[in-house]
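As structure tokens, the structure follows; a few thoughts come after it.
Please treat every number below as a calculation from the coordinates, not as lab data. Given the structure is predicted, the values throughout are model-derived calculations rather than measurements. So basically every Cβ, Gly included, is an ideal-geometry build from the backbone, and we count neighbours across all protein chains shown.
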Amino acid sequence: MMRRWLLVFVCVLPMSAQQVGTDARADQLIQELKLTVLRKESGYLGIIGVTPQTVQVNDRSLAVQSQNYYMLTRALPINYLHKLEPADTHILIEGGPVDYYIFHPDGRVEVQTLGMDMAHGERPVVAVPPGCWKALVLRQGASYALMANALSPEFTPDRVQIGEGDAWVKRFSAKAPWATPEFLRMLIGPNKK
């Protein structure tokens, strides 16, 4: 008589005390990474650092790159409209998805989704060219999205513009089916000029 044995291997991986994708996990990440609320733009920010290498930009020495943690949550689901001089690359670490609304200086608009469902067009990295306006919106149903972003050259507060006004809304209205005046004003949020 032949005996059959069923061998089961159990792989035990270290897991956080909090379940990935929950509000409790978002709170845990905010505390562990020492994230603070980003005024005006909204969301949570944690400065990682800057590279020691520098580059000259407009007679000014800037680090080649700066890096941050950035997080959206159900409580703060929108990163309001802003324009950065540096290129800004976002990498999804956990959670999501997040829709990126990008407004190019030449008048083009696009939406890209930062997420892991690549079969449905999501990507784990979104690169926003320098000089573009952008706003981020956490997808409904997502608890949070933790990202890392690299800005090149480094971020400085004097090289960002936050918010816009009616002329901006008029310029980008109807450039895409989603670009309604109401939606664009929602992306501007409390920072209307």
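Over the range 38-191, consider all pairs of different Cα atoms and compute the Kirkwood hydrodynamic radius from their mean reciprocal separation; express it in Å, one decimal.
15.9 Å
Scan the range 45-147 for trypsin sites (Lys or Arg not before Pro) in coil per DSSP, keeping those whose Cβ has at most 15 other Cβ atoms within 10 Å, and list them by number.
Of the trypsin sites (Lys or Arg not before Pro), the ones in loops of the range 45-147 whose Cβ has at most 15 other Cβ atoms within 10 Å are Arg74, Arg108.
If the elastic network links every pair of Cα atoms under 10 Å, which of Met116, Met71, Met147 fluctuates the most in the Gaussian network model of the chain?
In this elastic network of the chain, the residue with the biggest mean-square fluctuation among Met116, Met71, Met147 is Met116.
Quick check on the chain: helices-only [θ] at 222 nm, where DSSP H runs of length 4 and up contribute -39,500 (n - 2.57) each and the sum goes over total residues. Nearest 500, please.
-3500 deg cm²/dmol
Pick from Glu110, Glu41, Glu154: which residue has the top mean-square fluctuation in a GNM of the chain where Cα pairs under 10 Å get a spring?
Highest fluctuation among the options: Glu110.
If the cut-off is a Cα-Cα distance under 28 Å, which lysines reach Lys193, setting aside same-chain residues fewer than 8 apart in sequence?
Candidates past the 8-residue exclusion: Lys40, Lys83, Lys134, Lys170, Lys175.
Given DSSP loops and a limit of at most 14 other Cβ atoms within 10 Å, what is the longest stretch of the chain that contains no such chymotrypsin sites (Phe, Trp or Tyr not before Pro)?
10-177
As a footprinting exposure proxy, order His90, His120 by other Cβ within 10 Å, with the fewest listed first.
Neighbour counts put them in this order, fewest first: His120, His90.
Could you derive backbone 3J(HN,Hα) for the range 128-140 from the dihedral phi with the Karplus parameters 6.51, -1.76 and 1.60 (θ = phi - 60°), listing whole Hz in sequence and x where the residue is Gly or Pro?
9, x, x, x, 8, 7, 8, 8, 10, 10, 5, 5, 4
So, with +1 on the Cβ of K and R and -1 on the Cβ of D and E, and no other charges, what is the size of the charge dipole of the chain about its Cα centre, to the nearest 20 debye?
300 debye
May I ask which residue of Leu81, Ala176, Ile93 lies farthest towards the positive end of the charge dipole of the chain, with charges of +1 (Lys, Arg) and -1 (Asp, Glu) on Cβ and the Cα centre as origin?
It is Ala176.
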